Amino acid sequence: MPSLKDLKTRISSVQSTRRITSAMKMVAAAKLKRAQEAAEAARPYAERMERMLGSLAAGVSTDSAPKLLAGTGDDQTHLIVVMSSDRGLCGGFNGSIIRAVKKRIDQLTSQGKTVKLIAIGRKGVSLLRREHRDKLVHGFEELVKPYPAFDQADAVVDKIVTMFEAGEFDVCTLYYNKFISALTQEVTPLQLIPFASATEAEGDEEASDLGGAQYEFEPDEEAILKALLPKNLSVQVFRSMLESFASEQGARMTAMDNATRNAGDMISSLSITYNRARQAMITKELIEIISGAEAL
Amino acid sequence: MSDKVAFELVSPEKLLFSGEVDMVVLPAADGDMGVLPGHAPVIATIRPGTICIYEGGSVTERLFVAGGFVEVTQERCTVLADTATPVEKIDAAAAQTEAKDLSEDVSHAKTEDERAKAELALAIAEAKVQAAQNPAYK
């Protein structure tokens, strides 16, 4: 049986923990709102980019297409880009994405493929370094700070494109947490290279919309593709960065909400124990006094 | 066919302009390009410069873009800009100092790569100064 003083210190320590978690929850909620707005604001650009690239890709024959569009024709070396957070205390946010990535790594290595990793976010770097130090090519720490910006995505894409041009990998996949709601995030793989149009069927529709009319290109098709493809990569990375950031805030908010609630439960159960102990002590003292008086 | 162009200007951060307009003049890579309703489908790159939106025979809005792409079809015109700002919001003096700083960067650049990057930034800054001082198409 812990003494009254022990109970009191425990209660006050849990109380201060609750204060911290509830403040963190509030901060995450405010950031979530902003992150969600940013993710929504970025959507039109990404959608139109996809539409434009879709109509471009439809008109290009596969053998003359640039490598970023068509790939190297091989799939021996895989590059996996992992989007994680810089800070912890966000529930299963980093754990679930790392788990999915590790599963994918095992799957690929068992097929005899080579895997390389790029991690974004300090948590991802440290979690992957433990087991896959040899595969980790580069880690971006403290990149997304304080909010995701387009040039941050550009830095990542620069690295990816340089590696691709040096022939260091054939297929590039990005893993990120897709924001569904504040409560749920979904680990989503997104193939960056070669370009896989998510709206291929829609692209066909577009073509018939135009009555089969072909686009004219200025200055020319190749130059546009050359500029558009890296741009598209940046947009995709930026978009997933925003999604991931919103997910992180959502996950943190939920985790901190739970922690606050648990701390509350703990405080009330500790208070009950404390009051019982106090009452027992008073009763004990009374009995001592009364029995002392009776003895006289 | 409608006698208006559905014009949209989007930057990675947000949708900047969306609406029906009479005509748009775009700074395409090989020269300015006017888009009227029923324009032939074109995909083009955009150099740093000013996009002018025409309504009823005169320019109603000028927007500075640092580069990007445009997709034109019979009915619509979509610009994907790297960054875009309304011309009246450009601080001419600030743009000028920026251009000056960048021209120093160009002369100080050590590697080929650095030089190319600095030159690109300089071209954007110079176009910005140009846009702020003497707007095209009065």
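Computed from the coordinates by the stated procedures, all read-outs in this text should not be read as laboratory data. Computed from a predicted structure; not experimentally measured. Here the Cβ positions follow ideal geometry from the backbone for every residue, glycine too, while neighbour counts run over all protein chains shown.
Assorted remarks:
- When you work out D = kT/(6 pi eta Rh) for the stretch B:5-87 at 37 °C and 0.692 mPa s, using the Kirkwood radius from C-alpha pairs as Rh and the Stokes-Einstein form, the result is 268 µm²/s.
- For chain A, complete DSSP H runs whose alpha carbons reach 18 Å or more along their own long axis and whose mean Kyte-Doolittle score is -0.5 or higher are A:4-58, A:93-110, A:150-165, A:221-295.
- Out of every Cα-Cα pair that the stretch A:212-296 contains, those further apart than 21 angstrom amount to 70 percent.
- Trypsin sites (Lys or Arg not before Pro) within the stretch A:235-296: DSSP coil, no more than 10 neighbouring Cβ in 10 Å: none
- Sparse-neighbourhood loop sites, trypsin sites (Lys or Arg not before Pro) in the stretch B:79-115 - DSSP loop, at most 10 other Cβ within 10 angstrom: B:K110
- Summed over all non-identical Cα pairs, the Kirkwood treatment of the stretch B:53-110 gives a radius of 14.2 Å.
- Taking the Kirkwood radius as Rh and the Cα radius of gyration as Rg, the stretch B:37-138 has a ratio of Rg/Rh equal to 1.05.
- Partners of A:K5 within straight-line reach, counting lysines whose Cα lies under 18 Å from its Cα and excluding those fewer than 8 residues away in the same chain: A:K284.
- In terms of its Cα atoms, the protein assembly as shown spans 114, 57, 52 Å along the principal axes, sorted from long to short.
- Expressed in units of 2.2 N^0.38 Å, where N is the residue count, the Cα radius of gyration of the stretch B:90-137 is 1.21.
- Helix-derived mean residue ellipticity, 222 nm - over the protein assembly as shown, DSSP H n ≥ 4, -39500 (n - 2.57), to 500: -18500 deg cm²/dmol
- Cross-link partners of A:K135 among aspartates and glutamates, defined as those whose alpha carbon lies under 13 angstrom from its own and excluding same-chain residues fewer than eight positions apart: A:D106, A:E168.
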